[in-house]
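Here is the structure we will look at, set down as structure tokens.
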Amino acid sequence: MATLKLACYNMYGFENGYSTLKDLCDTYDIVGVEEHWLAPYNLVKLKNFHSHYDCLCWSAMTDKLQHGLTSGRPFGGIGVLFNRKLDLNVRVLGVLSNSRCAVLHCTFPTGYSLVIVVVYFPCSTFVDYECELSECLGFIEMCLNVEKYDDVVVMGDMNFECSLNNTGFRIFNDFCFETGLKRADSIC
């Protein structure tokens, strides 16, 4: 089996990150994106981004737009682009209601199954940071517990430094230990 190349990228807005995302698609097989800042009616921009890629994506702007007049900058949004040459069967296992994480089950033609979790974790400046992060991790654990798979990759914007002095990192580190996941931050 050839090496599978994965990348994740915080776009800081679709328009800001457009050219770098194009470069990533020229190099990687699967690309997770965070903070595309697209409203639901503009997700087509990401879905049709590259002719050799399929894309699943979600907006974090739905609630904001439903409240009428919008102000401030857009925020959030996640997605995953898959190179069509992989010939994957992709199923969405779940998407957290605030679009902070999505869990996808990918089956390769060989039968190998990979669960991809794309995340945009909250910043530690949130008032209920530990609750918000725990909600994300609980959601991921729930999805993993109901599915059979060969491997799992959690990728995205963790919004914390990989240091035991960091609350978010400690919570995530405990989650990895409890679920049997191995952190790859030392090679990223």
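At 222 nm, what helix-only mean residue ellipticity would the chain give, in deg cm²/dmol to the nearest 500, using -39500 (n - 2.57) for each DSSP H run of four or more? Can you show the working numbers first?
Working: 5 runs with 53 residues, N = 188.
So the helix-based figure for the chain works out to -8500 deg cm²/dmol.
Between Tyr41 and Arg84, how high is the FRET efficiency from 1/(1 + (r/R0)^6) when r is the Cβ-Cβ distance and R₀ = 25 Å? Nearest 0.05. Spell out each step's value before the answer.
Working: r = 25 Å, r/R0 = 0.99.
Rounded to the nearest 0.05, the efficiency is 0.50.
Determine the alpha carbon to alpha carbon distance for each of Lys22/Lys45; Lys5/Lys45; Lys5/Lys85; Lys47/Lys182 and list only those over 19 Å.
Details: Lys22/Lys45 13 Å; Lys5/Lys45 23 Å; Lys5/Lys85 13 Å; Lys47/Lys182 31 Å.
Cα-Cα > 19 Å for Lys5/Lys45; Lys47/Lys182; rest within.
Using R₀ = 35 Å, calculate the FRET efficiency as 1/(1 + (r/R₀)^6) where r is the Cβ-Cβ separation of Asp23 and Ser124; round to 0.05.
Values: r = 30 Å, r/R0 = 0.86.
Calculated transfer efficiency: 0.70.
Which order do peptides 178-186, 85-93 fall in by mean Cβ count within 10 Å, highest first?
Numbers: 178-186: 11.0, 85-93: 14.2.
Packing order, densest peptide first, comes out as 85-93, 178-186.
Under 5 Å between amide hydrogens, which residues at least 5 positions from Val119 or on another chain qualify, with H placed 1.01 Å from N in the peptide plane?
Met155, Gly156, Asp157
Can you work out the Karplus-derived ³J(HN,Hα) for every residue in the stretch 16-24? Use 6.51 cos²θ - 1.76 cosθ + 1.60 with θ = phi - 60°, whole Hz, and x for glycine or proline.
Per-residue couplings from phi come out as 5, x, 3, 5, 5, 4, 4, 4, 5 Hz.
Report, for the stretch 6-179, the % of DSSP beta bridges that are antiparallel, rounded to 5.
Details: 24 of 36 bridges.
Among the beta bridges of the stretch 6-179, antiparallel pairing accounts for roughly 65 percent.
Roughly what would the spin-label model give for Ser186 and Ser97, points 7 Å off Cα along C-beta, in nm?
4.0
Find the relative contact order for the chain and round it to a whole percent, using C-alpha pairs within less than 8 Å whose residues are 6+ positions apart.
Values: 334 pairs, mean separation 31.1, N = 188.
Over the chain, the number comes to 17 percent.
For the chain, what D do you get in µm² per second when you plug the Kirkwood radius from alpha-carbon pairs into Stokes-Einstein at 20 °C and 1.002 mPa s?
Numbers: Rh = 17.1 Å.
Result for D is 125 µm²/s.
Just so you know, all these numbers are worked out from the coordinates, no wet-lab data involved. Note that the coordinates shown come from a computational prediction; the quantities given were computed from them, not determined experimentally. In this analysis, Cβ positions are derived from the backbone assuming ideal geometry, glycine residues included, and neighbour counts consider all displayed protein chains.
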